[in-house]
1. Which members of region 118-144 meet the condition of being part of a loop (DSSP other than H, G, I, E, B) and either open to solvent by 50 Å² or more (accessible area, probe 1.4 Å) or more than 23 Å from ASP94 (Cβ to Cβ) (or both)?
2. Assigned to a helix (DSSP H, G or I) and surrounded by fewer than 20 Cβ atoms within 10 Å (Cβ to Cβ): is that true of ALA526 in this structure?
3. Can we say GLU72 is open to solvent by less than 50 Å² (accessible area, probe 1.4 Å) and among the acidic types (Asp, Glu)?
4. How many residues are touching a residue at least 24 places away in the same chain (Cβ under 8 Å) and assigned to a loop (DSSP other than H, G, I, E, B) if we restrict to region 277-308?
5. Inspect region 92-112 for any residue being small (Gly, Ala, Ser) and under 20 Å from ILE43 (Cα atoms) and give the result as yes or no.
6. Given the options GLY179, GLY164, name the one that is farther than 30 Å from ILE61 by Cβ, open to solvent by 60 Å² or more (accessible area, probe 1.4 Å) and among the small types (Gly, Ala, Ser).
7. Specify which of the listed residues (PHE251, PHE307) is over 22 Å from THR170 (Cα atoms) and buried (at least 24 other Cβ atoms within 10 Å of the Cβ).
8. Which count do you get for residues in region 136-157 that are without any contact (Cβ under 8 Å) to a residue 60 or more places away in the chain and within 42 Å of the chain's Cα centre (by Cα)?
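The values are calculated or read from the model by the stated rules, or taken from the named source; none is laboratory data. Since we're looking at a predicted model, the values are computed, not measured. Positions of Cβ are generated from backbone atoms using ideal geometry, with glycine treated the same way; all protein chains shown enter the neighbour counts. Note: areas computed on protein heavy atoms with side chains; ligands, DNA, RNA excluded. Shrake-Rupley method; radii C 1.70, N 1.55, O 1.52, S 1.80 Å.
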Amino acid sequence: MSELEVRTSAHNKVISLPEPKKAKKPKVKPLDNWLSDCETYEIIDGAFYQHRANKEGAFSIKLCDGVCWIVEKIVFEDDLTDRSFFRLEGARQDGAYLPTIDVSLAKFNALAWITEEWGEKIIVRPGNSIKDNLRVAILTYSTRYGDIPLQRVFKMTGWKQIAGEWLYLTGSGAVGKNGLDTSIKVDLGHGHLKKYSLPSPPIVGQLKDDFLVIDDLLDICPNRPEVGAALFSAIFRAVLGECHTIDFAVFFHGQTGSMKSATTAIALGFFGNFDSRSFPASFSDTGADMEAKGHQLKDSIYAIDDFKPAVNLAEAAKLYSKTENFIRNTGNGAGRGRRNSDMTAKAAPFNRSLTIMSGEDIPRGQSILARMLVLELNQKDVDLERLTRLQQAAKEDRLSRIMAAYLQWLAARLDSLKTTLPEKIILLRDATVQENRIDSHTRAPEMFANLVIGAATFFDFIADVGLLAVKRKEERLLPIKAALVTAFKSQASYQQEQNEVDRFAELLRSVLISGAGHIAQAERNAPPAIRGHAYGWTKLEDVAGDPNKEKWQPNGPLFGWSYADGDKDWQIWLDKGVAYQLAFEFARKSGDPFLMSAQTLWRRMNDRKLLLFTEKNADGIGKLDVKRKVMGGESKQRVLVVKEEWLFPR
């Protein structure tokens, strides 16, 4: 091996470097010389030339060192902003082929992509008109045999009507009434989204064996049947999003080790080769990314994992904010509005999936929880043997084969279902409301109806293919209905926990107990006659040894007064500004911010008839606070009047 001598400036030392390896001879393929019909452009010796003429005669100008041509035009479709690209191949002047590249139509005319993609391998000659003529030469050469082939590539999952036929897009192609069509191109991008890929639908005999795992799914938590019922119903409701919009989500929460992620991954297994470590999204993603994926995964289960308390208040605020935006937009069926630089509206992605979330904590706020079915998993709830069988079934594509067969059946009936499915959901929702079986929130009956109809439609499928007797459909559906009723009744406890009015009272009690504020008698600056400690006062000593003459010291700012209207009607008069600020600060410092505005809080208290007195201005406009004279003062102060038992429940 020959050596190259290199002397270092510090030590004048000779070191040896290996001689550079010779580059391998590139694969070459001779290019036929080509002359355009107008005889203006020509390929000569593997390079584009332009023929020109002036008064001195004809001459040729070399446009670049090499040639390139458009193989096909690719249109990426996602139902939001379709994007078009040219796919190009190229060759250097010595015939060596260059890597295939995709160039957006917006960038094609400028030709800057030649250097950006191929560097020095093709050098464009200088000149004012060179680029324009090179662009025309490329287009003319690319269309020498006719129009450039067009390739549609879908960047989403879910139902799409193509050539009059309903097809369900998946990473492997599209499932229709005739099975899996692999000629339909679907590109879901990088990462775990590529795992959304379904096999060809199985024959009925094979489906019969695969179907045995459904009972394991329904019984995954033997002592908590609502978990299996919700998971089962959500899976088969997800693919009906084209028929009726999905405006809710499912949330599994529990401590580490409760198998919440593994349970959620089973739902994903019906759509591809997923496990608990390959979720399509997590709560560490940006809000924009979560929304974009939710839009891309149309009519699919979309799982977002790992909602847990953040390490500091700033991160916690970001987590709650993006989660609230995502869930609220899901419930509203809309995305966040954005504007281009010229103030024209951008197309806004919105969630088109049925989203299953999991985490150690749950999002806050009654209106957010109203858009979700929340299910808690404890460490011993999940049957590990059943979970293992389901995981094995997912690895063997048995779950995704069930889904492929279900989709094939749906494809032939989708036009009909787009009419009948919404009607069934509305009928069941109205019946549920009339029976008053579910009252955790006004949205709950419709969520319940959606899930039940999802399960019922799947039972229609297996009955139609002969795997379930028609008379047994209702028999299989009844326990699922009962379990879902239990789930939604349990939802009421989460709603109560997130009631901001009750939380405000809890925060004020915490302010008093911690010594961060106090309440005095309405008549004088002294603690209430009974339970002074509870009102934020500290007893210092008995005066002259007489326990009936005590000395007390108030703690923190004064935010209210205690008043007795008779012997039994005890009231609290709140200084609303100070009380709200103390509660807000206490919540912030504890790492669990109080998010409701003061004005909204007062209106909510009035809606619940907690305010004992209100008044009107001279112009007839109502006011929630009233004037009261406190501690012997001459002027009156505006206060909110509530019953003492609201702040101190008995």
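1. Of all residues in region 118-144, those part of a loop (DSSP other than H, G, I, E, B) come to 122-123, 125-129, 143-144.
Correct list: ILE123, ARG125, PRO126, GLY127, ASN128, SER129, THR143, ARG144.
2. Considered against the rule, which asks whether it is assigned to a helix (DSSP H, G or I) and surrounded by fewer than 20 Cβ atoms within 10 Å (Cβ to Cβ), ALA526 comes out as no.
3. Answer is yes for this residue.
4. Final tally of qualifying residues: 10.
5. Looking for residues that are small (Gly, Ala, Ser) and under 20 Å from ILE43 (Cα atoms), one finds at least one in region 92-112, hence yes.
6. On inspection, the qualifying residue turns out to be GLY164.
7. Every option except PHE251 fails the conditions.
8. Of the residues in that region, 1 qualify.
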